[in-house]
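Following: one structure in structure tokens, then a few remarks.
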Amino acid sequence: MKFFYLKTKKTLFCILFLLPSLSFAQIINNGGTTNTNGTNSTAIPTAVPFLLITPDSRSGGMGEAGVALSPDANANFWNPSKLAFIEGTDNVSVSYSPWLRSLVPDVSLSYLGYAHKLDERNTLGASIRYFNLGSINLTDNSQNNQGTYTPNEFSIDGSFARTFGEDFSLGLSLRYIHSNLYTGVSSSSTQQAKPGNAVAADISLFYKKKLQEFGNDATFAFGTNISNIGSKISYSDNGTKYFLPTNLKLGIANTLNLDETNQLTFALDFNKLMVPTPPIRDADGNIIKGKDDNVSVPSGIFGSFADAPGGFSEELQEISISPGVEYWYNKMFALRGGYYYQNPNKGGLHYFTIGTGFKYSDFAFDFSYIAASQQNSPLANTLRFTLSANFGSTKEQ
């Protein structure tokens with residue numbers, strides 16, 4: 001095993017290369033570990049966890065809820081089927097977030113989303129997600145200087161959405177994933193470490209219905225998205241292959257128009273990883289509880305609902321919950337709030353979020369903030385910034 005460190009006053013940023021074991025990036029902080037998406041060492045292990053990070057500020061301010069929110073260019077991430085209902089003919093959104101800055105100084109996530117309405121029923125989308133792990137000073141086990149390296153990961157998506165009637169749509173995304181953590185030879189193996197590459201797909205649906213609530217116009221929406229269904233990823237030619245973070249999102253959103261200038265939206269999302277839960281093993285590696293996690297991708301997806309060593313109660317622990325609320329005044333100014341909860345035994349993330357938004361003409365700016373103490377969350381004081389624009393008008397408009 002070979003270690004490479006970036007030293008700071010309180011933390012060590014460590015890339016572990018375990019060939020043939022799992023290859024991933026972690027923050028080691030005061031004896032504990034934090035994965036690059038903010039979860040702790042109790043989370044179900046997958047490769048490229050950056051694919052689960054919320055990129056945009058609107059959902060970031062609503063407790064990470066976004067599957068059923070009104071559509072925009074960020075639907076490429078949340079629910080590609082929503083793209084079929086975008087306003088205008090062209091939507092574009094760019095987001096930036098300094099990431100894990102309470103632990104390391106220069107990690108960040110950037111995201112660019114775009115959507116183009118072909119006609120009244122069909123919409124194309126595209127997005128790029130780039131995760132920069134900063135500049136790392138490399139040393140070997142004897143602390144000898146090995147130079148500087150800049151690990152990074154990115155994904156490129158293409159999406160298609162189509163309406164079926166006025167209220168229902170389906171969506172499909174295809175994704176290319178590149179994970180460049182390190183290139184070199186491990187001290188424990190003669191295998192040449194290389195960037196990992198994979199392809200994946202998302203399958204999604206969206207339903208919305210206009211109705212009356214408390215004597216006012218309202219819209220109820222439901223969405224679901226199974227993301228990152230794809231090939232396993234490896235960091236050497238003949239090395240172990242690891243699961244992508246295949247994830248099931250389910251969400252509802254209810255928007256109530258209080259009057260001509262005031263609008264209120266309540267959203268609730270549920271998330272569950274659809275990858276095998278590691279079994280409990282004895283000192284010799286024999287399984288004493290749970291199921292073998294060395295399975296194919298389809299077996300891992302379908303078996304993820306009944307493979308936890310603790311049974312059904314542990315399966316429930318693998319579901320994270322995201323309630324959020326959004327208030328708009330005159331469609332120009334927004335306030336947002338929410339809460340994200342993940343069981344301590346399955347990643348341990350839990351925090352409040354707040355956010356705001358400003359819209360003028362075709363342009364909008366959104367900002368969000370994670371309100372948590374540094375002792376309780378590695379994502380404390382995380383900021384997200386999003387700038388978006390909506391151009392053109394549909395024939396219906």
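The values are calculated or read from the model by the stated rules, or taken from the named source; none is laboratory data. Every value quoted in this text rests on a predicted model; they were computed, and no experiment measured them. Neighbour counts run over all protein chains shown; Cβ positions are idealised from the backbone, glycine included.
One line per residue, one yes/no per condition, for (1) part of a strand (DSSP E or B); (2) within 25 Å of residue 79 (Cα to Cα):
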residue: 137; (1), (2): yes, no
residue: 142; (1), (2): no, no
residue: 153; (1), (2): yes, yes
residue: 157; (1), (2): yes, yes
residue: 162; (1), (2): yes, yes
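So that you can scan it fast, the table gives a plain yes or no per residue for (1) under 19 Å from the mean Cα position of the chain (by Cα); (2) at negative phi; (3) among the basic types (Lys, Arg):
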residue: 210; (1), (2), (3): no, yes, yes
residue: 213; (1), (2), (3): no, yes, no
residue: 217; (1), (2), (3): no, yes, no
residue: 231; (1), (2), (3): yes, yes, no
residue: 238; (1), (2), (3): no, yes, no
residue: 242; (1), (2), (3): yes, yes, no
residue: 248; (1), (2), (3): yes, yes, no
residue: 251; (1), (2), (3): yes, yes, no
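A single entry from 129, 101 fulfils the requirement of being basic (Lys, Arg), in a loop (DSSP other than H, G, I, E, B) and in contact (Cβ under 8 Å) with a residue 60 or more places away in the chain: 101.
Would you pick out the residues in segment 85-108 that are aliphatic (A, V, I, L, M) and at pLDDT 95 or above? Result: 92, 94. The one condition from (1) assigned to a loop (DSSP other than H, G, I, E, B); (2) crowded, with 18+ Cβ neighbours inside 10 Å that residue 357 does not meet is (1). Take the residues in segment 151-168 that are under 22 Å from the mean Cα position of the chain (by Cα) and hydroxyl-bearing (Ser, Thr, Tyr), then tell me which one is farthest from residue 71 (Cα to Cα). My answer is 155.
Condition (residue is touching a residue at least 24 places away in the same chain (Cβ under 8 Å), under 13 Å from the mean Cα position of the chain (by Cα), crowded, with 23+ Cβ neighbours inside 10 Å and in a helix (DSSP H, G or I)) applied to segment 30-45: is it met by at least one residue? The answer is no; no qualifying residue exists.
Scanning segment 267-307 for residues that are aromatic (Phe, Trp, Tyr) and over 27 Å from residue 321 (Cα atoms) yields nothing.
For residues that are buried (at least 20 other Cβ atoms within 10 Å of the Cβ) and of a type in the set (Gly, Ala, Ser), scanning just segment 305-347, find the one that is farthest from residue 262 (Cα to Cα). Out of the qualifying residues, it is 308. Would you mind finding the one in 182, 207 that is surrounded by fewer than 22 Cβ atoms within 10 Å (Cβ to Cβ) and modelled with pLDDT of 95 or more? So the residue among 182, 207 that is surrounded by fewer than 22 Cβ atoms within 10 Å (Cβ to Cβ) and modelled with pLDDT of 95 or more is 207. Within segment 210-236, the set of residues being part of a strand (DSSP E or B) and under 22 Å from residue 275 (Cβ atoms) comprises 223, 224, 225, 226, 227, 228, 229, 230, 233, 234.
Restricting the search to segment 237-247, which residues are part of a strand (DSSP E or B) and in contact with a helix residue (DSSP H, G or I) (Cβ under 9 Å, 6 or more places away or on another chain)? Passing the criteria: only 247. The set of residues in segment 284-310 being under 29 Å from residue 201 (Cβ atoms), of a type outside the set (S, T, N, Q) and not in a loop (DSSP other than H, G, I, E, B) consists of 297, 298, 300, 301, 302, 303. In segment 84-99, the residue that is farthest from residue 35 (Cα to Cα) out of those that are surrounded by 23 or more Cβ atoms within 10 Å (Cβ to Cβ) and out of contact with any Pro (no Cβ under 6 Å at 6 or more places or on another chain) is 84.
Just one of the numbered conditions (1) part of a loop (DSSP other than H, G, I, E, B); (2) closer than 22 Å to residue 65 by Cβ is not true of residue 328: (1).
Residues that are buried (at least 17 other Cβ atoms within 10 Å of the Cβ), without any contact (Cβ under 8 Å) to a residue 60 or more places away in the chain and small (Gly, Ala, Ser): does segment 134-151 have at least one? Within segment 134-151, not a single residue is buried (at least 17 other Cβ atoms within 10 Å of the Cβ), without any contact (Cβ under 8 Å) to a residue 60 or more places away in the chain and small (Gly, Ala, Ser). Looking only at residues in segment 257-283 that are of a type in the set (A, V, I, L, M) and surrounded by fewer than 17 Cβ atoms within 10 Å (Cβ to Cβ), the one that is nearest to residue 357 (Cα to Cα) is 264. When segment 253-283 is filtered for residues that are under 14 Å from the mean Cα position of the chain (by Cα), charged (D, E, K, R) and either outside any strand (DSSP E or B) or closer than 22 Å to residue 208 by Cα (or both), only 269 remains.
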